[in-house]
Every structure is written in C-alpha cells, then in structure tokens.
1. Using only Cα atoms, what is the ratio of the radius of gyration of the range 2-144 to 2.2 N^0.38 Å?
2. With the crude spin-label approximation of a point 7 Å out along Cα→Cβ, what separation in nm comes out for GLU158 versus LYS245?
3. Going by average Cβ neighbours within 10 Å, how do the peptides 14-26, 87-99, 68-80, 219-231 rank, with the highest at the top?
4. Quick one: which residues, 5 or more positions from MET170 or on another chain, have an amide H under 5 Å from its amide H? H modelled 1.01 Å from N in the peptide plane, none for Pro or chain starts.
5. Under 14 Å from a point 7 Å along the Cα-to-Cβ line of SER195: which residues of the range 271-308 have their amide N that close?
6. So for each of 166-174, 116-124, 249-257 I average, over its residues, the number of other beta carbons within 10 Å; can you give me the resulting order with the highest mean first?
7. Can you tell me the relative contact order of the range 2-144? Whole percent, Cα pairs under 8 Å, sequence separation 6 or more.
8. What relative contact order, as a whole-number percentage, does the range 1-60 give when Cα pairs under 8 Å and 6 or more residues apart are counted?
Amino acid sequence: MKVTVVGAGAVGASCAEYIAIKNFASEVVILDIKEGYAEGKAMDLMQCASLNGFDTKITGSTNDYSKTANSDICVITSGIPRKPGMTREELIGINAGIVKTVSTSLVEHSPNTIIIVVSNPMDTMTYLVHKTTGLPKHRIIGMGGALDSARFKYRLAEALEAPISDVDGMVIGGHSDKGMVPLTSHATRNSIKVSEFLSEERLNQVKEDTKVGGATLTKLLGTSAWYAPGAAVSGLVQAIACDQKKIFPCSALLDGEYGLNDLCIGVPVILGRKGIEKIVDVPLSAAEKAHMVESAEGVKKTNGLLEL
Ligand SMILES: NC(=O)c1ccc[n+]([C@@H]2O[C@H](COP(=O)([O-])OP(=O)(O)OC[C@H]3O[C@@H](n4cnc5c(N)ncnc54)[C@H](O)[C@@H]3O)[C@@H](O)[C@H]2O)c1
C-alpha cells in the first residue's frame, strides 16, 4: 500500500506520522514544493520508526512526482491555511491554482489512485479535483466531516461530563463555520439520545462551539490546527487501505442524494478499498434538512468563484 501526501506542512506531516504509527502502509511519500522540506520531514519521521515501532518507509520529494508513481491513495494538503479572523472561503484564490496543478500531476503518475482532498475551502477544492481530473466520483473524497465530528464528540463529552469513548455523533454539510450541520438528533451517549441528558439550550451551545471549532483553534494557535486534521485524514486512509467499510462523513459528489446535485458536500459514506462504496441516507429533522439546503447554497456560491 503506497500513500502519497502532498504538502509537508503542519497537516501533511501530522497525517504522515499517524499513518506510519498505525503501521498499515508499506510506503508513504511526502511531496512539497519547498526545496528539501519534504525530505527533512520524512527523515525526521523515519527516525521515529525504531522508537514508535513502525515499518512504514517514509520518503520525501521536492516536487518530483515520479517518486509518487503508482500510489494507491494520494492526500492533498498543499496550500495556505487560515490566519485568525479569516474564513476558509478566503483561501480559494491561492489554493485553487495549487490544487489544480497538484491533482493533475498526481493522476498523471497514479491513474488508478484514490484522492483525499484536505486543502480549503475543502468542499470546493474537492469539486475542483473532480472537474480537473475526471476520475470516477467514488475515487475523490473530501476530508472535513471526520474532523468536525471529532470536534462535535469532544464538545458533547465536555457537556455530558462523559468519556469521549461513550459518545457518538456526526457532522454533515459544508466544511465551513456556517455550513456545518451537527446532527444532534442522532447523537448518543452509549446508545441513549443525548437529548435525554442535555437541555436544548446546552445542545445548541455544543452545536455552535462545534461549528467554530476550527476558528477557535486558529485564534489560539495563530494558524489552523493540525493534530486532529492529520488524525482524521489517517482514519480515512486506513479505512480505504484496510477495506474497513467504516462510515465517515466525507465530502462526496452528489447526484440526487439528500436532494442535492452537482456539488461536493459532507454526507455519511461507507469507505472501503474502492473509495466511497456507498452514500448513506440518514433521516434528518426538519431543521437539519433546512440547514443542509442552506449549507449547499453556501458551497455552490463558493464553487461559483472557480474558473472551470
Ligand atoms: N479539511 C480540513 O479539515 C482541514 C483541516 C486543517 C487544515 N486544512 C487545510 O489544509 C491546508 C494545509 O494546512 P497546513 O496547516 O498544513 O498548512 P502549511 O502551510 O503548514 O502547509 C502547506 C504546505 O503546502 C506546501 N505547498 C504549497 N504549494 C504547493 C505545491 N504547489 N505543491 C506542493 N506543496 C505545496 C507548502 O510549501 C507547505 O509546506 C490548508 O489549506 C488548510 O486550510 C484543512
């Protein structure tokens, strides 16, 4: 199993580290445009191998895509992150050009690959990868909901004063502060609906804290977060590589599902060796449905800024 991670920055390196620690991939190639940067990150990570007990071979490349040839899975994290006060949508100008060039080069060298898009604005960048590469839709996956759901579970556990392992919940919709749809109607504590434990007011607070989860960290860190994003990507890569058939909310190209068409947005999917093996239809409350429609409008508006 060969995995390429484009972008050796905060998220790319964290993602490569988690993939290596989980020890399911034979090879990880990290590629960056900055001279020597990916090689340096790869060497540093390889020097963790004997300490952390993994056998994954990690190599770096400065923009040489021949090193990525025949990758089973490629992750795109290249591009600029948010600074405090910025929205993800504001990154489109620079990131669209980067994602277009990177996805074209990846597919040239790995025509059978599955691509996971991380760069923001992620739903629009995932749509752009579809338009640029023309790969079948089950082989292009946007990562946002897996991270937003982890943040939702963190906030739920905090409100419930419960261990996170007791909590389950999912965030669908667009990967933006306004677009996220945390599914409180489906969230549970050990299979009991969380509404049995929390007031509507407290649940609304959990929802709001989840939606600004990224912005809260960006304000604290001065740039966007990387540990949980890296861990979330590695979860998707592992589900595909190990054919786990796990359900994650991912940005997928919709063709009528959830009443939506011709956009990529977060919906629950089953991930296995083929990529997106099924989009799962979840019954939504009237408020969640309305929020999903509004979220889709926001994503389409950002897609409209693309020069296709
Ligand atoms: N989808 C999500 O949930 C999520 C979460 C966190 C961050 N992000 C996004 O991921 C992206 C990366 O964030 P980061 O914190 O790692 O940023 P970073 O600045 O630490 O790293 C980005 C890396 O991309 C490299 N790069 C730029 N252009 C390139 C090109 N053409 N080819 C190869 N490499 C190139 C840069 O040299 C840099 O090393 C940002 O767009 C950020 O908004 C998304």
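Rule-based calculations on the coordinates, nothing more; no lab input. If you're wondering where the values come from, they're calculated on a predicted model, not measured in any experiment. Note: ideal-geometry Cβ built from the backbone for every residue, glycine included; neighbour counts use all protein chains shown.
1. Values: Rg = 14.5 Å, N = 143, 2.2 N^0.38 = 14.5 Å.
Cα Rg divided by the expected 2.2 N^0.38 Å: 1.00.
2. Once both label points are built, they end up 3.6 nm from each other.
3. Put in order of decreasing packing, that is 68-80, 14-26, 87-99, 219-231.
4. Correct list: LEU183.
5. Answer for this model: 283-289.
6. 116-124, 166-174, 249-257
7. 23
8. Across the range 1-60, relative contact order equals 39 percent.
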